[in-house]
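First up is the structure itself, then whatever we jot down about it.
The values are calculated or read from the model by the stated rules, or taken from the named source; none is laboratory data. Just so you know, these numbers come straight off a predicted model, no measurement behind them. Virtual Cβ from ideal backbone geometry, glycine too; neighbours counted across all protein chains shown. Note: areas computed on protein heavy atoms with side chains; ligands, DNA, RNA excluded. Shrake-Rupley method; radii C 1.70, N 1.55, O 1.52, S 1.80 Å.
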Amino acid sequence: MSAAASRILGVGTYVPPRVWSNHDLSRLMDTSDEWIQQRTGIKQRHWVDLNEETGPSDLALKASLKALEAAKTKKEEIELIIFATLSPDAFFPGSGCFLQAKLGLTDVPALDIRQQCSGFIYGLSIADQFIKTGTYKKVLLVGAEVHSKVLDRTTRGRDVSVLFGDGAGAAVIGATDGSAKDGSRVISTHLYADGTHAKELWIKAPGTAYAGDSITHERVDEGDFFPKMNGKTVFVHACKKMSESLTRALEQQGLRPSDVDLYLFHQANARITEAVAKQLELPADKVFNTIDRFANTTAATIPIGMDEAIKAGRLKPGMLVACAVFGAGFTWATALIRW
Ligand code: ACO
């Protein structure tokens, strides 16, 4: 039987303990705390220990166990795992399979999705559809990244490498018949993409679109295995698409921006978030930011924002939450949630 809606039953997060300040990065490359803070709002990020065998599925396991506890859900109740990441444990198989094994949930389907900074909201939309059709009652949705091991931590890669942090966020999504007094549910999700900009922010290798072998010494020397970004183009599109899509999502529900209690935007650059908030005339106290402490954790950003907002007493049951995200692909998405 199909459910009336899905709702977020609990969230959990995990970031590796090692903190890298902007000052720490200035010892690796030609950058400064002043440049990074002024251009991005980032003060620090968490990176895994490079000498450890830690992949996103390891961070995801810790976040998932916390999410299961918060959701008062036994892991055996999970019927589907959705894993969003751009920095997978391996080229294949997907990180969802590694997480599934670490959770000991043999036979539970594991689906990897690759929508970068939009991954968590894409995953929420997928979970919402599976729950509404009655296919599954409980879905574990995870966004997890280990960026640090694929960043060019030299001056050559400074425009990208200062922006990203490692971390994981998980949520247990469950069915609701709509009878809860606070109306808690995922109200809407909207997904978008524009692949004509795919190469404005990407990692070229390893890949199979090359003529000849994918992995060569020349390609390693050229830095093809590191992310490349046209920062200004990404910046402009992120501001425009997040504002437009959020406005459309609110209008579709007959809501005004002032009806929303808390905005959780993707955290790529504090200036992007400020521009979106300015365009929609949002009061600063309704926008919850984490970029100063975690930098851009890509697919983990939204659940980390949810968890941090709960811990800070800024996100409470019954609140109307609006999420807007933008990332490589380009992909972007919105979610309206009655918490
Ligand atoms: N430290 C010091 N100087 C730097 C650094 C650095 N880390 N990085 C670049 N610079 C230099 C540049 O070389 C340039 O020097 P030049 O003027 O001598 O040529 C100068 O700083 C200015 O560079 P700009 O690119 O003009 O800086 P800008 O103001 O555009 O800021 C930034 C760059 C922060 C990357 C910005 O463009 C941005 O945030 N873009 C969007 C990022 C984003 O949204 N990513 C989204 C999603 S990520 C995902 O989906 C995976």
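Can you quote the Å³ per residue value for the convex hull of the Cα atoms in the chain, rounded to an integer?
Details: hull volume 46.1 nm³, N = 339.
For the chain, the hull spanned by Cα atoms encloses 136 Å³ per residue.
Can you tell me the length gained on complete extension of the stretch VAL236 to GLU281, counting 0.36 nm per residue apart and subtracting the Cα distance?
Numbers: separation 45, 0.36 × 45 = 16.20 nm, distance 1.81 nm.
So the extension gain works out to 14.4 nm.
When the Cα atoms of the range 227-310 are enclosed in a convex hull and the volume is divided per residue, what value in Å³ results? List each step's numbers first, then the result.
Working: hull volume 8.8 nm³, N = 84.
Hull volume over Cα atoms, normalised by residue count, gives 104 Å³.
Calculated from DSSP H runs of 4 or more alone, at -39500 (n - 2.57) each and per residue, what is the 222 nm mean residue ellipticity of the chain, nearest 500?
Details: 11 runs with 107 residues, N = 339.
Dividing the helical sum by the residues of the chain leaves -9000 deg cm²/dmol.
Along each principal axis of its Cα atoms, how long is the range 185-338 end to end? Whole angstroms, biggest number first, please.
Cα spread of the range 185-338 along its principal axes, largest to smallest: 55, 31, 27 Å.
Averaging sequence separations of C-alpha pairs under 8 Å and six or more residues apart, then dividing by the length of the chain, give the relative contact order as a whole percent.
Values: 809 pairs, mean separation 87.5, N = 339.
The normalised contact order for the chain reaches 26 percent.
How much length, in nm to one decimal, is gained on full extension between LYS316 and GLU244, taken as 0.36 nm per residue of separation minus their Cα-Cα distance? Spell out each step's value before the answer.
Details: separation 72, 0.36 × 72 = 25.92 nm, distance 2.66 nm.
Taking 0.36 nm per residue and subtracting the Cα distance, the gain is 23.3 nm.
Hey, any idea what % of the range 93-231's accessible area is carbon plus sulfur with a 1.4 Å probe? Present the calculation step by step, with values, prior to reporting the outcome.
Values: 3460 of 6350 Å².
After summing per-atom areas, the C and S share lands at 54 percent.
If each of GLU222 and ALA180 carries a label point 7 Å out from its Cα toward its Cβ, how far apart are those two points in nm?
Going by the 7 Å Cα→Cβ label model, 5.1 nm.
Using the Karplus equation 6.51 cos²θ - 1.76 cosθ + 1.60 (θ = phi - 60°), what ³J(HN,Hα) coupling, rounded to whole Hz, does each residue of the range 280-297 give in order, writing x for Gly and Pro?
Karplus-based 3J(HN,Hα) across the range 280-297 equals 8, 6, 8, x, 4, 6, 9, 9, 9, 10, 10, 4, 4, 9, 10, 6, 8, 9 Hz.
5 Å is the cut-off here: which amide hydrogens, built 1.01 Å from N in the peptide plane, fall below it relative to GLY167, excluding neighbours closer than 5 in sequence?
GLU145, HIS147
What accessible area per residue, rounded to a whole number of Å², is obtained for the range 5-176 using a probe radius of 1.4 Å?
Numbers: 7230 Å² over 172 residues.
Here the per-residue accessible area is 42 Å².
At what distance in angstrom do the alpha carbon centres of the range 36-85 and the range 91-128 lie from each other?
After rounding, the separation between the Cα centres reads 12 Å.
Along each principal axis of its Cα atoms, how long is the range 26-92 end to end? Whole angstroms, biggest number first, please.
49, 27, 19
Got a sec to turn the phi values of the range 40-49 into Karplus ³J(HN,Hα) couplings, 6.51 cos²θ - 1.76 cosθ + 1.60 with θ = phi - 60°, whole Hz, x for Gly and Pro?
Those phi angles translate into 10, x, 7, 10, 7, 8, 9, 10, 5, 6 Hz.
Please get the size of the charge dipole for the chain, origin at its Cα centre, with Cβ charges of +1 on Lys and Arg and -1 on Asp and Glu, quoted in debye to the nearest 20.
Values: 39 positive and 39 negative charges, 167 e Å.
So the magnitude is around 800 debye.
Please give the contour-minus-distance gain from ALA209 to TRP35: 0.36 nm per residue of separation, less the Cα-Cα distance, rounded to one decimal in nm. Please list the in-between numbers first.
Numbers: separation 174, 0.36 × 174 = 62.64 nm, distance 3.59 nm.
So the extension gain works out to 59.0 nm.
Gaussian network model of the chain, Cα springs within a sub-10 Å range: biggest mean-square fluctuation belongs to which of ALA90, ALA63, ALA328?
Greatest mean-square fluctuation among the candidates belongs to ALA90.
Note the angle between two axes, namely the Cα long axis of helix 301-311 and the longest principal axis of the Cα atoms of the chain, as a number of degrees from 0 to 90, rounded to the nearest 10.
60 degrees
Per residue, how much space in cubic angstrom lies within the convex hull of the C-alpha atoms of the range 5-176?
Working: hull volume 19.6 nm³, N = 172.
So the per-residue hull volume is 114 Å³.
Gaussian network model of the chain, Cα springs within a sub-10 Å range: biggest mean-square fluctuation belongs to which of VAL236, VAL19, VAL321?
Largest GNM mean-square fluctuation: VAL236.
Comparing LEU105, LEU124, LEU28, which has the greatest mean-square fluctuation in the GNM of the chain with Cα pairs linked when under 10 Å apart?
LEU28
Please give the direction-averaged projected area of the C-alpha convex hull for the range 86-140, in square nanometres with one decimal.
Numbers: hull surface 16.1 nm².
Dividing the Cα hull surface by four gives the mean projection, 4.0 nm².
Please list, in order along the range 94-106, the HN-Hα scalar couplings obtained from phi with the Karplus expression 6.51 cos²θ - 1.76 cosθ + 1.60 (θ = phi - 60°), rounded to whole Hz, x for Gly and Pro.
Result, ordered by residue: x, 4, x, 5, 5, 5, 4, 5, 5, 7, x, 10, 3 Hz.
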